[in-house]
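Following: one structure in structure tokens, then a few remarks.
The values are calculated or read from the model by the stated rules, or taken from the named source; none is laboratory data. Just so you know, these numbers come straight off a predicted model, no measurement behind them. For neighbour counting, all protein chains shown are included, and Cβ atoms are generated from backbone atoms with ideal geometry for every residue, glycine included. Note: accessible area is taken over every heavy atom of the protein model, side chains too, but ligands, DNA and RNA are not part of it. Shrake-Rupley method; radii C 1.70, N 1.55, O 1.52, S 1.80 Å.
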Amino acid sequence: MLREGVVRIPSGCAISGMMNKKGKCFSGEDIIKSIAIMHDRSNGLGGGFAGYGIYPDFKDDYAFHFFFDDDTVKETVETLLNKQFTIIFDEPIPTRKIKAIKDAPVIWRYFVQPKSKMVIQAGLPEEEYVVKFIMKVNSEIEGAYIFSSGKNMGAFKGVGYPEDIGEFFRLDEYKGYIWTAHGRFPTNTPGWWGGAHPFTLLDISVVHNGEISSYGTNRRFLEMYGYKCTLQTDTEVMAYIFDYLMRRQGLPLDVVVAAMASPLWMEINRMDPEKRELVKAIRAVYGSLLVNGPFSILVGTNQGMIALNDRIKLRPSVAAIKGDFLYVASEESAIREICPKPDKVWAPRGGEPVIGLLENAQVNYNFAAGENERIAINS
Amino acid sequence: MTLSYLTPAFLVERNDKRCIQCKVCVQQCANEVHRFDEEEGEVLADELNCVNCQRCVVMCPTRALSIRKSPNEFRQNANWTADAIKSIYIQAETGGVLLTGMGNDRPYPVYWDHMLLNASQVTNPSIDPLREPMELKTFLGRKPDSLVIENGKLKEKIPPQLELDIPIMFSAMSFGSISLNAIKSLARAARQEGTFYNTGEGGLHKDLYEYGANTIVQVASGRFGVHPEYLQAGAAIEIKIGQGAKPGIGGHLPGEKVGREVSETRMIPEGTDAISPAPHHDIYSIEDLSQLIYSLKEATNYEKPVSVKIAAVHNVAAIASGIARAGADIIAIDGYRGGTGAAPLRIRDNVGIPIEFALAAVDSRLREEGIRNQVSLVVAGSIRNSADVVKAIALGADAVYIATGALIALGCHMCQKCFTGKCNWGIATQDPQLVKRLNPEIGAQRAANLLRAWKHEIKEMLGGMGINAIESLRGNRLMLRGIGLTEKELQILGISAVGE
């Protein structure tokens, strides 16, 4: 049977996420409980989490999480890593032995700083230098895979039900201000650790419920800009779209959302002329990054959390607020499990983003507070 | 002249029980096949002139006529076929180049028919276009590398774009090669359905200026009818370098077709041959092409996209890359099955390559070079139905041009004799009596109906793939699978085989 990365595996799923907009950190226990209640939306072939604010001691270092097939490939990677980066600290990612999780690869984390001389030599912005390294490892080194690479954040994922993966990675021992989670229902997979969600690039992590029918278009567009979609999963592409539009193109968040889940033409035609011109230009220029097919995603960043549905809402998502907390999940039950009495619960419309930004977030976000079609949670 | 060795290609059969000697067939046939014999008091047929345009068959009020291939056969020979022998008879009689109309009819493989489309089942739902929005709007034109947005507003306008409600346009056909009524039909249909028609190299007749917003004006090597008002009149300008039916060959409109109106529109004397040379005499390199592109942009204040049309030839990918870098906003590529009013038969049938391969190679090349989004790709050359359109877009096209298909909608029966100017359907003719046979209002309705029918079908196919906006199909080769193709063919097309 072909491994993911060689063949694309469609899948269904469950997602859940929660954040504290004041940046207060809390344990990963709740997010495990929340995703566990949606057990039947997964089939035991993939689960994962992303936590933000979890590495305060190394908050300025890139935290590389690796899967290695064996120690030989680990040595190869370390040689390369030492050449391009200064390793501040490294260790095996702590795990708990549990019955349900089998065949785990070698799982290691490195806190690193790019060697400034090398960055200057490469003539690239630092983040681009890091991205290039990640693409190189993931596409060229057989048996090694960087599955997390941001600062003060980390992804934890593997083959199994999400609640088991959470326990395996001892997430109850971490504290973060954003947690996202994923339970996977692939229709046909040999079960590969790298194929589980979240998919990440730098501090962007994406968990996804759905299947993107625009994958071929999105991927071929991104490939022009050096993104290597080695994993052949649609979620990987989403992480790169966010990276391309937000970091590389420097676009405000509302424009990113309008590119990925554009308003329908019937809505665009009703907009005032100035806005219509803007949205038309977005569709004309970034049409290849429109995400089509059913999707409901949760994107984590160091600035906050974004939930987004496809334009005609072919996958479920429910949002809720309680005090400083924002919750988003595939099902309301997953929210009520950890927050029985939210202040407000609603089902966002297709294409309508739920954007939860930290109070001190430095994100270029233009939509006016209270504007009907968009909801900014921190406003 | 020696006795002709040619025999009739078709048999005209008249059912005497049905024929009422009404002479409609006599009036309808510009080739003078039918004639009324006063002495015998009956209608007779001279089959040697019959081109099988089916006009008499359709118009016969009693359905008395049928035409079929002549049963007369040469001695069986797999090498010296009837066509090969007849070609030699004609050339031995005339000493001339063999001419033909419409596209390559040789039995080369049609690669569209070797590609199959995807459809969703369970994991990804199909979308029902009767219930859900399905968006076909397409923009053609140069796209900037990024948008500059400040305070929620677009800081810089994007370069001019053509806005298409359906990714299908009517391809270049000149006034001269087709009748004014045929052009009016296409212009009206384009306006009605939110798309564009193309003037070809014949200039813009004064009656067509009102359709300017839906017109692409062509600048070809002969520069016929090209003047400032002409350039300003259209929504885009297309520089024609080549066409699929005759790559590397110029055009020739015989003087007998250059009547007063064609003469005025083309700005040439009445009755003179209009010869468009193969090369533009100011373009001998890619730099020269670039200069013409920017001259045209200057002349129109950078308000109109400039397209460059080339034929699909062996090195098309590199040529297209050069054209993109030369500043073209749109590249139109015409495959070897592209139609024509008149082409040398040997050129038409033996020069060029299939549009499917040209498109795949160009799209891949432009992506490898990271410039695919800068330029729009339009393909042409025998797009026969909506599935061909969908496959072309999945392979990498932004939109397609149709011409033969559009003429068939107007009534063309593919008799392949456009170059004679005796088109009984009033399409490829300038004979006033024949031109009148095509009512532009009815023609417009038929052409618009064709677009609308294809639009419905495209929406259904998109919905089946779980896609609700055409931009998500563009270059989405995962939606295609090859059937009956070699490894190499699959590799060039960039698609997997069925079952993979």
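List of remarks:
- Where strands (runs of 3 or more DSSP E) fall wholly inside the range B:117-178, the ranges with 3 or more residues that are more than 9 Å from chain A (Cβ to nearest Cβ) are B:168-170.
- Residue list for the range A:199-231, filter: open to solvent by 10 Å² or more (accessible area, probe 1.4 Å) and at the interface with chain B (Cβ under 10 Å from one of its Cβ atoms): A:211, A:219, A:220, A:223, A:224, A:225, A:226
- Number of positions in the range B:34-56 that are on the phi > 0 side of the Ramachandran plot and polar (S, T, N, Q): 2
- For the range B:224-247, a residue qualifies if it is under 21 Å from residue B:329 (Cβ atoms), in a loop (DSSP other than H, G, I, E, B) and either modelled with pLDDT under 95 or open to solvent by 20 Å² or more (accessible area, probe 1.4 Å) (or both), and the qualifying residues are B:226, B:235, B:241, B:243.
- Failed item, numbered, when residue A:244 is tested on (1) among the aromatic types (Phe, Trp, Tyr); (2) away from chain B (no Cβ under 14 Å); (3) within 24 Å of residue A:225 (Cα to Cα): (2)
- Entry remark, the range B:253-263: residues being of a type in the set (D, E, K, R) and farther than 16 Å from residue B:432 by Cα number 0 in total.
- Pairs where the first residue, in the range A:26-43, is open to solvent by 50 Å² or more (accessible area, probe 1.4 Å) and the second is assigned to a helix (DSSP H, G or I), C-beta under 7 Å, 6+ apart: A:29/A:172; A:37/A:333; A:37/A:334
- Residue B:366 vs. criteria within 14 Å of another protein chain (Cβ to nearest Cβ) and either at pLDDT below 95 or not in a helix (DSSP H, G or I) (or both): no
- Single residue of A:290, A:253 found to be buried (at least 20 other Cβ atoms within 10 Å of the Cβ), at pLDDT 95 or above and among the hydrophobic types (A, V, I, L, M, F, W, C): A:290
- Out of B:188, B:223, B:131, one residue alone is more than 30 Å from residue A:247 (Cβ to Cβ) and in contact (Cβ under 8 Å) with a residue 12 or more places away in the chain. It is B:188.
Here is a yes/no grid of residues against (1) over 12 Å from residue B:170 (Cβ atoms); (2) away from chain A (no Cβ under 14 Å); (3) in contact with a Ser or Thr (Cβ under 7 Å, 6 or more places away or on another chain); (4) without any contact (Cβ under 8 Å) to a residue 24 or more places away in the chain:
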residue	(1), (2), (3), (4)
B:387	yes, yes, no, no
B:390	yes, no, no, no
B:393	yes, no, no, no
B:397	yes, no, no, no
B:401	no, yes, yes, no
B:417	yes, yes, no, no
B:421	yes, yes, yes, no
B:424	yes, yes, no, no
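- Qualifying residue in the range B:482-496 (condition: away from every other protein chain (no Cβ under 14 Å), farther than 30 Å from residue A:222 by Cα and in contact (Cβ under 8 Å) with a residue 12 or more places away in the chain): yes
- Consider the range A:174-198 and keep the residues that are farther than 28 Å from residue A:128 by Cα and more than 14 Å from chain B (Cβ to nearest Cβ). The one that is surrounded by the most Cβ atoms within 10 Å (Cβ to Cβ) is A:183.
- Of the residues making up the range B:143-165, those that are more than 20 Å from residue B:195 (Cβ to Cβ) and surrounded by 20 or more Cβ atoms within 10 Å (Cβ to Cβ) are B:147, B:149.
- Considering only residues in the range B:67-84 that are within 29 Å of the chain's Cα centre (by Cα) and within 19 Å of residue B:11 (Cα to Cα), the one that is most open to solvent (accessible area, probe 1.4 Å) turns out to be B:69.
- Any hit, the range B:439-458, residues being part of a helix (DSSP H, G or I), closer than 26 Å to residue A:294 by Cβ, of a type in the set (A, V, I, L, M, F, W, C) and open to solvent by less than 10 Å² (accessible area, probe 1.4 Å): yes
- Search result, residues across the range B:394-438 that are part of a helix (DSSP H, G or I) and in contact with a Gly (Cβ under 6 Å, 6 or more places away or on another chain): B:404, B:410, B:418, B:419, B:434, B:435
- From B:471, B:441, B:460, residue being of a type in the set (Asp, Glu) and farther than 17 Å from residue B:135 by Cα: B:441
- The single condition from (1) among the hydrophobic types (A, V, I, L, M, F, W, C); (2) surrounded by 14 or more Cβ atoms within 10 Å (Cβ to Cβ); (3) within 14 Å of chain A (Cβ to nearest Cβ) that residue B:64 fails is (3).
Condition check ((1) more than 7 Å from chain B (Cβ to nearest Cβ); (2) within 18 Å of the chain's Cα centre (by Cα)) across all residues:
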position: A:270; (1), (2): yes, no
position: A:275; (1), (2): yes, no
position: A:280; (1), (2): yes, no
position: A:284; (1), (2): no, no
position: A:294; (1), (2): no, yes
position: A:308; (1), (2): yes, yes
position: A:314; (1), (2): no, no
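- Residue that is most open to solvent (accessible area, probe 1.4 Å) [pool: residues in the range B:329-377 that are of a type in the set (Val, Ile, Thr) and within 28 Å of residue B:426 (Cβ to Cβ)]: B:347
- So residue B:288, is it modelled with pLDDT of 95 or more, charged (D, E, K, R), under 30 Å from residue B:318 (Cβ atoms) and open to solvent by 20 Å² or more (accessible area, probe 1.4 Å): yes
- Highlighted here are the strands (runs of 3 or more DSSP E) found entirely within the range A:178-248 that include at least 1 residues which are of a type in the set (D, E, K, R): A:178-186.
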